[in-house]
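Taking it in order: structure first as structure tokens, then the write-up.
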Amino acid sequence: LIDVPQSGVFRHHCNLQALGDDRVLTFRNNKEVNAQMKALGLKTVEIDLVEILKGGGGPHCMTFPLERE
């Protein structure tokens, strides 16, 4: 578990998307959480989402689950 302070929750630091194979879609400005994930051996895919975050969205909000065979 990664401890995220309450202020980080309101800045969307938990709004991430697990991609599988130890990869996580995150945003570039999420520096502290990204560093903690890397320390745990996860690979972070960091994208610039400054404008999306202004509207209250993030990596998890931008995805849709797919059913695979």
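The values are calculated or read from the model by the stated rules, or taken from the named source; none is laboratory data. The structure displayed is predicted, hence computed values, not measured ones. Each accessible area value is taken on the protein alone, full model and side chains, heavy atoms only, with ligands, DNA and RNA left out. Shrake-Rupley method; radii C 1.70, N 1.55, O 1.52, S 1.80 Å.
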Let me check something: with ligands and nucleic acids excluded, how do 69, 32 order by accessible area (1.4 Å probe), largest to smallest? 69, 32
Just to make sure I understand: if all protein chains stay in place, what is the order of 68, 28 by accessible area at 1.4 Å, largest first? 68, 28
Fraction of beta bridges assigned by DSSP in the chain that are antiparallel (%, nearest 5): 40
At q = 0.12, 0.23, 0.28 Å⁻¹, the log10 of I(q)/I(0) for the chain from a Debye sum over equal Cα scatterers comes to -0.30, -1.04, -1.39
Other-chain or far-sequence residues with amide H under 5 Å of residue 27's (modelled H): 47
Got a sec to turn the phi values of segment 19-26 into Karplus ³J(HN,Hα) couplings, 6.51 cos²θ - 1.76 cosθ + 1.60 with θ = phi - 60°, whole Hz, x for Gly and Pro? 9, x, 6, 6, 10, 9, 7, 9
